[in-house]
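Asker: Here you go, one structure.
The values are calculated or read from the model by the stated rules, or taken from the named source; none is laboratory data. Predicted, not measured: the structure shown is a model, and the values here were computed from it. Neighbour counts run over all protein chains shown; Cβ positions are idealised from the backbone, glycine included. For accessibility, only protein heavy atoms count, side chains too; no ligands or nucleic acids. Shrake-Rupley method; radii C 1.70, N 1.55, O 1.52, S 1.80 Å.
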Amino acid sequence: MLKPVLAAPASWYAAMVDCDLAVIDGDRPFDKRDKAVHRFAIADVRGRLDITVPVCHGTSVAGRRPTWNDILVSDHNRWWLTAASTLETAYGGTPWFHDLWPRFRHLFTDAAAGRPVLAYMLDMDAVIRATIGIKTRLSVGIPLISEVTTLGKALTVNTFDEAHYPIPAYRQVREAGLGFIPGLSVLDALFNLGPRDTLALLKAAQSR
């Protein structure tokens, strides 16, 4: 079981590649302390930097606690302009940024504002999986029995543990000056390595 994480770290995707069916907890209750659902880490010229997608904090919905599907992406300060500019500055000098950025550019427009946070996260994930070439089947919430039986074996649901998927050090464009920075969004690997080598990196994490 994977909790929703925006532009998740490579270890999250290594776990996904390692299974037949990845289950994302689409009913996860909203918790303002759970920043990973709408924040991801990149490497800029000074080192690690968090990019945050601001959200509109909700209240109870029909007598229940709101989930991340009830919380909406905010339009605060037109954040998408700053986020896109930051990504371009951070990764413009990497080997793959200019080839891959057009696939992600639509996620950093005013169309993002007003959407459920979970939907935005899933759209980002869909682009990442398609770009890397991850073929793992995906279910948001506990999968239906019909989805499970087609796999030909019983379903075992394991909660993601980052420690089980240590990502090997890989080439980062500013490594000479900053050293290798671990734990970044998988976007860092994509822009530095490209899709094929990023997929190989995720598979290498499974064997460590």
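Asker: Hey, can you rank 183-193, 13-23 by average C-beta count inside 10 Å, highest first?
Answerer: 183-193, 13-23
Asker: On the accessible surface of the chain, probed at 1.4 Å, how many percent belong to carbon and sulfur atoms?
Answerer: Heavy-atom surface of the chain belonging to carbon and sulfur, 1.4 Å probe: 52 percent.
Asker: Sticking with this structure for a sec: I need the shape label for region 1-77. Rule: rounded when a/c is under 1.5, else prolate if a/b > b/c, else oblate, with a, b, c from the alpha carbon gyration tensor.
Answerer: Taking the square roots of the gyration eigenvalues as a ≥ b ≥ c, region 1-77 is oblate.
Asker: What percent antiparallel are the DSSP beta bridges of the chain, to the nearest 5?
Answerer: 70 percent
Asker: To the nearest 20 debye, what is the magnitude of the charge dipole of the chain about its Cα centre, counting +1 on the Cβ of each Lys and Arg and -1 on the Cβ of each Asp and Glu?
Answerer: 100 debye
Asker: Where only protein heavy atoms count, and the probe is 1.4 Å, what is the accessible area per residue for region 1-67 in Å²?
Answerer: Accessible area per residue, region 1-67: 45 Å².
Asker: Farthest toward the dipole's positive end in region 1-120, which of 77, 116, 91, given Cβ charges of +1 (Lys, Arg) and -1 (Asp, Glu) about the Cα centre?
Answerer: The Cα lying farthest towards the positive end belongs to 77.
Asker: A further question follows. For the chain, what does the helix formula give at 222 nm: sum of -39500 (n - 2.57) over DSSP H segments with n ≥ 4, over the residue count, nearest 500 deg cm²/dmol?
Answerer: Mean residue ellipticity, 222 nm, calculated: -10000 deg cm²/dmol.
Asker: Could you tell me what % of all Cα pairs in the chain have separations over 29 Å?
Answerer: Percent of Cα pairs beyond 29 Å in the chain: 25.
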